[in-house]
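The values are calculated or read from the model by the stated rules, or taken from the named source; none is laboratory data. Just so we're clear, the structure is a prediction, and the values are computed from it rather than from any experiment. Neighbour counts run over all protein chains shown; Cβ positions are idealised from the backbone, glycine included.
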Amino acid sequence: MTGKKGSSPNVYAYYKVDGDKISRIKKICSRCGKGVFMSEHKDRHTCGKCGLTEFNQ
């Protein structure tokens, strides 16, 4: 097992809360579906699970 004891992923960075509304900040992978977010690079979005890459135009 890796990581610090008691550490948790920074899931709070994936959502934005405005009063009673919750919205997603990061893009969801179209191949993997709900719950899998894509990383943001300066020219593309990449899924860490399946490897899907979508380039920005």
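Could you please find all residues in segment 13-45 being touching a Ser or Thr at 6+ places or on another chain (Cβ under 9 Å) and of a type in the set (Gly, Ala, Ser)?
Scanning segment 13-45 gives a single hit, Ser39.
Give the residue that is modelled with the highest pLDDT, with candidates limited to residues of segment 1-52 that are of a type in the set (Ser, Thr, Tyr) and in contact with a strand residue (DSSP E or B) (Cβ under 7 Å, 6 or more places away or on another chain). Outline the logic, then answer.
Step one: list which residues in segment 1-52 are of a type in the set (Ser, Thr, Tyr), which gives 2, 7-8, 12, 14-15, 23, 30, 39, 46.
Those still in the list that are in contact with a strand residue (DSSP E or B) (Cβ under 7 Å, 6 or more places away or on another chain) too: 14-15, 23, 39, 46.
Numbers: Tyr14: 82, Tyr15: 86, Ser23: 90, Ser39: 91, Thr46: 95.
Top of the filtered list is Thr46.
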